[in-house]
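K.L.:
Before we start, here is the structure in question, set down as structure tokens.
The values are calculated or read from the model by the stated rules, or taken from the named source; none is laboratory data. If you're wondering where the values come from, they're calculated on a predicted model, not measured in any experiment. Positions of Cβ are generated from backbone atoms using ideal geometry, with glycine treated the same way; all protein chains shown enter the neighbour counts. The protein model used for the area step is the full one, side chains on, heavy atoms only, and it has no ligands, DNA or RNA in it. Shrake-Rupley method; radii C 1.70, N 1.55, O 1.52, S 1.80 Å.
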Amino acid sequence: MRNFLRSAVLLSLGLLAFSAFADRQVTDQLGRQVTLPDRVDRVVVLQHQTLNILVQLDATNTLVGILGNWKQQLGDGYSRLAPELTRLPTLGDLTHVDVEKLVALHPQVVFVTNYAPQEMIDQIQKLGIAVIAISLRADNQQQNRLNPDLADEEQAYSEGLKEGVRLIGEVVNHQQQAETLIKATFNQRQQTGNRLQAIPASQRIRVYMANPDLTTYGSGKYTGLMMAHAGALNVAAAAVKGYKQVSMEQILAWDPQVIFVQDRYPQVIDEINQQPAWQAVDAVKHHRVYLMPEYAKAWGYPMPEALALGELWMAKKLYPEKFRDVDMQKKADAWYQHFYRTHYTGSN
């Protein structure tokens, strides 16, 4: 009996040891089958959207390296939400990686953007490191394109965000946190939409998203979808595919009623208010140029807080009478306490 127990214990220990190092397979958002260790706790992130999601999944303890321009991409104040990021090595960006630094960090997984160069992905994989590409977009034809031509933007970005958050959560073994984030995101989006459904298309407010150097977002990007869910019409949707520079003459022709500027580009507000050419635009004449709060991420790719809070904030700016009872400060603070584990201290 004693020998039997001893053998059973040894067998159990052997199985535990095997399971600790067992591999698993996931499919990334380029449709690639990727083999991962059973437990992933050493991650390098070379995409700011994925970095932001990992922070909200409370998975920053898995990070060993991040992209070099994360502050520029996420905003100067982002380090307040995740101060540990300031102590991490930086080793690349969306389209390149420092291989020597990467090898020294011994990561199990590297997250990259869906349009990362194939040679960059191959370079990392040849080191024996798993690569996971994230697009936050569900489409089977143009997974690796920066500016896609999407037949159904709603389906592509809504389902793509769910898929992306689930995939990131699965990679770092934070599946429960991922499902909680997804549920909170889409429940709030639905509540915002319920208040706007009676507004006909002919009465929706014409909006322009102003970025540096006269760049803007047109069709094929989440920004246009954000505007639609907030009850707005993106004036650039028909003329611009993806993200590109436009002319001042074109902006004057569009004559938007409202202009929004992302939190990470506050200098654009000054340019609009100070440059003479802008003064003829309806939004400028009527002082409807708004700097968005940090959670209203009107990026090309969707973020959970942009759908949940950003679309609500935008809708409240455009149709204040429909959202008089909504306290954005309280909404934002509740989200930040839950997903960033700190209070929201920004403006609305």
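K.L.:
Any idea which of Ala156, Ala151, Ala133, Ala178 is in contact with a Gly (Cβ under 8 Å, 6 or more places away or on another chain) and either within 30 Å of Gln337 (Cα to Cα) or without any contact (Cβ under 8 Å) to a residue 24 or more places away in the chain (or both)? Give the derivation first.
P.N.:
Values: Ala156 fails: in contact with a Gly (Cβ under 8 Å, 6 or more places away or on another chain); Ala151 fails: in contact with a Gly (Cβ under 8 Å, 6 or more places away or on another chain); Ala133 fails: in contact with a Gly (Cβ under 8 Å, 6 or more places away or on another chain).
Going through Ala156, Ala151, Ala133, Ala178 in turn, just one is in contact with a Gly (Cβ under 8 Å, 6 or more places away or on another chain) and either within 30 Å of Gln337 (Cα to Cα) or without any contact (Cβ under 8 Å) to a residue 24 or more places away in the chain (or both): Ala178.
K.L.:
Looking at region 54-111, which of its residues are of a type in the set (Asp, Glu), within 24 Å of Gln262 (Cα to Cα) and not in a helix (DSSP H, G or I)?
P.N.:
Going residue by residue through region 54-111, those that are of a type in the set (Asp, Glu) are 58, 76, 84, 93, 98, 100.
Adding the requirement that they be within 24 Å of Gln262 (Cα to Cα) leaves 76, 93.
Asp93, the sole residue that qualifies.
K.L.:
What pairs come out if I take residues in region 301-326 that are touching a residue at least 24 places away in the same chain (Cβ under 8 Å) and pair them with residues that are assigned to a helix (DSSP H, G or I) and of a type in the set (Gly, Ala, Ser) whose C-beta lies under 7 Å away, six or more apart or interchain?
P.N.:
Ala308/Ala184; Leu309/Ala332; Phe323/Ala315
K.L.:
When residues of region 138-168 are filtered for being modelled with pLDDT of 80 or more and either assigned to a helix (DSSP H, G or I) or within 30 Å of Lys101 (Cα to Cα) (or both), how many remain?
P.N.:
Residues meeting the conditions: 16.
K.L.:
Scan region 117-164 residue by residue and report those that are more than 18 Å from Ala306 (Cα to Cα), among the basic types (Lys, Arg) and crowded, with 19+ Cβ neighbours inside 10 Å.
P.N.:
none
K.L.:
Conditions: (1) open to solvent by 10 Å² or more (accessible area, probe 1.4 Å); (2) at pLDDT below 95; (3) at positive phi. Pro266 meets all but one. Number of the miss?
P.N.:
Checking Pro266 against (1) open to solvent by 10 Å² or more (accessible area, probe 1.4 Å); (2) at pLDDT below 95; (3) at positive phi, the one that fails is (3).
K.L.:
If you scan region 39-48, which residues turn out to be over 17 Å from Gly300 (Cα atoms), open to solvent by less than 10 Å² (accessible area, probe 1.4 Å) and in a loop (DSSP other than H, G, I, E, B)?
P.N.:
We begin by selecting, within region 39-48, every residue over 17 Å from Gly300 (Cα atoms); these are 39-45.
Filter again for open to solvent by less than 10 Å² (accessible area, probe 1.4 Å), leaving 40, 43-45.
Passing the criteria: only Val40.
K.L.:
While we're on this one: Taking Asn173 as meeting all but one of (1) among the polar types (S, T, N, Q); (2) open to solvent by less than 50 Å² (accessible area, probe 1.4 Å); (3) part of a helix (DSSP H, G or I), write down the number of the exception.
P.N.:
Every listed condition holds for Asn173 apart from (3).
K.L.:
Further, regarding this structure: Report yes if some residue within region 66-89 is under 20 Å from the mean Cα position of the chain (by Cα) and closer than 24 Å to Gln25 by Cα; otherwise report no.
P.N.:
Taking region 66-89 as the starting set, the residues that turn out to be under 20 Å from the mean Cα position of the chain (by Cα) are 66-86.
Filter again for closer than 24 Å to Gln25 by Cα, leaving 66.
For region 66-89, residues under 20 Å from the mean Cα position of the chain (by Cα) and closer than 24 Å to Gln25 by Cα: present.
The rows are residues; the columns are (1) of a type in the set (Ser, Thr, Tyr); (2) surrounded by fewer than 24 Cβ atoms within 10 Å (Cβ to Cβ); (3) at pLDDT 95 or above.
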| residue | (1), (2), (3) |
| --- | --- |
| Thr50 | yes, no, yes |
| Thr60 | yes, yes, yes |
| Lys71 | no, yes, no |
| Glu84 | no, yes, yes |
